[in-house]
Amino acid sequence: MSDILRIASFTVAMAALATLVILPPGVALAWLLARRQFPGRMVLATLVSLPLVLPPVATGLILIRLLGRRGPLGILLEPVGIEVMFTRLAVVLAMAVMGLPLLVRAAQAGFEQVDRRYEQIAATLGAGPVRVFFTVSLPLAGRGVAAGALLGFSRALGEFGATILLAGALPSTRTIAVAIFTYNETGQEAAATAMVAVSATIAFGALFLSNRLATSGPWRPAS
Amino acid sequence: MMRLTMVFLALSLVLAACALPGEDGRPTRRDRPLLVSAAVSLSGVMETLTTDYTRRTGTAVELNLAASTVLAIQIIAGARVDLFVSADLFQMDRVAAEGLIRSGTRVDLLSNQLVVVVPADVTASVTSPAMLLQPMFGRIAVGDPDGVPVGVYARAYLESVGLWDRLKVRLVPGRSARAVLATVEVGAVDAGIVYRTDARSSDGVREVFEVPVAEGSAISYPAALTTQGTNPAAAEQLLRYLQSAKARAVFEQAGFIVPESQQ
């Protein structure tokens, strides 16, 4: 039982970390896609969403071939003393890649719902683009960003295919999804069932919150 | 709502802070535990044996337990695995073909045997493979014959006794021996072909036929040191321990066959 709680809290912590990691680039990407026209915009949007539709194992294969010690990025990282495979970094990375598309899509929708006039008014009053972003766009898109962060977090919680390849199924990297697989494969049905229940509960909470944020409409400044 | 999200994020951060330190003082290469990648079907025995090995020698062992395919891909990508124990000859060959096996270290550690199982509450007697043609065995679960080892072995056996073509239409492929076992346990199929070790591990199935070892194709669990390990001396010691009398007893207790050459 203590094993189950330990694995669950480890997974929640890693998923939260992954969500924090993707938050700055994810929000930047979402804003860029919602507000700017530039060459390759559609290509970028498609690339970001790719992990959503690729089989997770395929994403895992791409990651492991890039980041493994024999991969092009792994070779660059080794001299600096960074090893990705079988570490917590691998867990966070796999989760981050899988969570990013969900964050970006929801946050992009959030930015698109922001009335451009507010941004324009702020600009005419002398606010620079950075100030407009932080004082007008981001607060108004806050719900979308928060909903996206929670969606990404939920996806990260359940990540299996890419995680088991990149992070392995070691005691030190075992997430809820990997533990469910291991318990099932070794016939420990009671443990597997308990793990499924814990996982469903956490995911329900995060998704519930995300849905409430997403469906309650864009926040409008009080008049 | 925003406040709720903030509370949630803050809670997650606290959790992250609690979970992150601890063992994160990254071990230096020297005191890094021995990293053993073993097929998930060996989980029970490998956990017992490596625990005992650590108790005897003081050398810590970390077990990476997954499908042999996954383990092979990881090693090929550069994982610092000291010892690889595969449930699949092909995956070991694949790693060897990349030049990642330390020469002279590969052994056929274990063997297994195919058995026919039925749900525990079914009475059936099977004294020859041809009896699988009886109508009561309308659906037979097997490992996917195109790649899951237990299915590849089952196909080879059924072909060798001339039953493959007639039984083919009744076969329900599963993606692992464990998945096959589960479909038999719940009675979704009338019978299944699994390893003897799987049959032993389950109360939900009954063994009705054992494929004679001489007739089935040789089932092998090869083990070898990889060239990427950080502690070859200890890995070699562990591999020797896995071939000891003490280890043999544990393997045989679980239903594995320890090849003659090692006895």
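The values are calculated or read from the model by the stated rules, or taken from the named source; none is laboratory data. Since the structure is predicted, the reported quantities are computational estimates derived from the model, not experimental observations. Heads up, the Cβs are rebuilt from the backbone with ideal geometry, glycines too, and the neighbour counts pull from every protein chain shown.
Determine whether A:Q188 is more than 10 Å from chain B (Cβ to nearest Cβ) and polar (S, T, N, Q). Against the criterion (more than 10 Å from chain B (Cβ to nearest Cβ) and polar (S, T, N, Q)), A:Q188 does not qualify.
Please tell me if B:Q228 is among the polar types (S, T, N, Q), touching a residue at least 60 places away in the same chain (Cβ under 8 Å) and part of a helix (DSSP H, G or I). In short, no. In the stretch B:46-77, the qualifying residues are those that are aliphatic (A, V, I, L, M), over 15 Å from B:L110 (Cα atoms) and more than 9 Å from chain A (Cβ to nearest Cβ), and the one that is surrounded by the fewest Cβ atoms within 10 Å (Cβ to Cβ) is B:A60. Is it true that B:S43 is facing another protein chain (nearest Cβ under 8 Å), in contact with a strand residue (DSSP E or B) (Cβ under 8 Å, 6 or more places away or on another chain), surrounded by 12 or more Cβ atoms within 10 Å (Cβ to Cβ) and modelled with pLDDT of 55 or more? The answer is yes for B:S43. Consider the stretch B:201-232 and keep the residues that are within 17 Å of the chain's Cα centre (by Cα) and at pLDDT below 90. The one that is farthest from B:G104 (Cα to Cα) is B:S202. Looking only at residues that are more than 14 Å from every other protein chain (Cβ to nearest Cβ) and either over 21 Å from the mean Cα position of the chain (by Cα) or not in a helix (DSSP H, G or I) (or both) in the stretch A:3-40, which one is nearest to A:A194 (Cα to Cα)? Here the residue is A:I4.
Remark: pairs (first residue in the stretch B:196-213, more than 14 Å from B:A254 (Cα to Cα); second residue modelled with pLDDT under 90; Cβ separation under 6 Å; 6+ apart in sequence or on different chains) = B:V208/B:A124; B:V208/B:V126; B:F209/B:V126. Residues in the stretch B:154-191 that are more than 16 Å from B:L132 (Cβ to Cβ), of a type in the set (A, V, I, L, M, F, W, C) and not in a helix (DSSP H, G or I): 2 in all. Screening the candidates B:R155, B:R170 for the property of being surrounded by 17 or more Cβ atoms within 10 Å (Cβ to Cβ), more than 20 Å from B:Q113 (Cβ to Cβ) and away from every other protein chain (no Cβ under 14 Å) yields one hit, B:R170. I need the full set of residues from the stretch B:119-153 which are part of a loop (DSSP other than H, G, I, E, B), within 21 Å of the chain's Cα centre (by Cα) and at negative phi, in order please. Selection gives B:D144, B:P145, B:D146, B:V148.
Scanning the stretch B:238-261 for residues that are farther than 22 Å from B:E210 by Cβ and touching a helix residue (DSSP H, G or I) at 6+ places or on another chain (Cβ under 7 Å) gives B:L238, B:Y241, B:L242, B:Q243, B:A247.
Among the residues making up the stretch B:47-72, those that are in a helix (DSSP H, G or I), under 24 Å from A:I75 (Cβ atoms) and modelled with pLDDT of 95 or more are B:L71, B:A72.
Considering each of A:A169, A:A162, A:A156 in turn, give the residue that is touching a strand residue (DSSP E or B) at 6+ places or on another chain (Cβ under 6 Å), within 24 Å of A:I62 (Cα to Cα) and within 12 Å of another protein chain (Cβ to nearest Cβ). Exactly one residue qualifies, and that residue is A:A169.
Among the conditions (1) more than 22 Å from A:V57 (Cα to Cα); (2) not in a strand (DSSP E or B), the only one that B:V116 does not satisfy is (2).
If you go through the stretch B:78-113 and keep only what is in a loop (DSSP other than H, G, I, E, B) and away from chain A (no Cβ under 14 Å), you end up with B:S86, B:D88, B:R102, B:S103, B:G104, B:T105, B:R106, B:N112, B:Q113.
A Cβ distance below 6 Å, combined with a sequence gap of six or more or placement on separate chains, defines the contacts here; from the stretch A:68-83, residues that are at the interface with chain B (Cβ under 9 Å from one of its Cβ atoms) reach residues that are part of a helix (DSSP H, G or I) and of a type in the set (A, V, I, L, M, F, W, C) in the pairs A:G74/A:L67. Cβ-Cβ distances below 6 Å connect the following pairs, each with a first residue in the stretch B:153-177 that is free of Cβ contacts under 8 Å to residues at least 40 places away in the same chain, a second residue that is surrounded by fewer than 21 Cβ atoms within 10 Å (Cβ to Cβ) and basic (K, R), and a separation of six or more residues or different chains: B:R170/B:R139; B:V172/B:R139. Yes or no: the stretch A:196-205 includes at least one residue that is part of a helix (DSSP H, G or I) and under 14 Å from the mean Cα position of the chain (by Cα). Checked against the condition, which is being part of a helix (DSSP H, G or I) and under 14 Å from the mean Cα position of the chain (by Cα), the stretch A:196-205 yields at least one hit. When each of A:V97, A:V43 is tested for being within 18 Å of A:L20 (Cα to Cα) and either aromatic (F, W, Y) or more than 12 Å from chain B (Cβ to nearest Cβ) (or both), the lone residue that passes is A:V97. Of all residues in the stretch B:240-263, those satisfying the criterion of being among the hydrophobic types (A, V, I, L, M, F, W, C) and under 17 Å from the mean Cα position of the chain (by Cα) are B:L242, B:A247, B:V250, B:F251, B:A254, B:F256, B:I257, B:V258.
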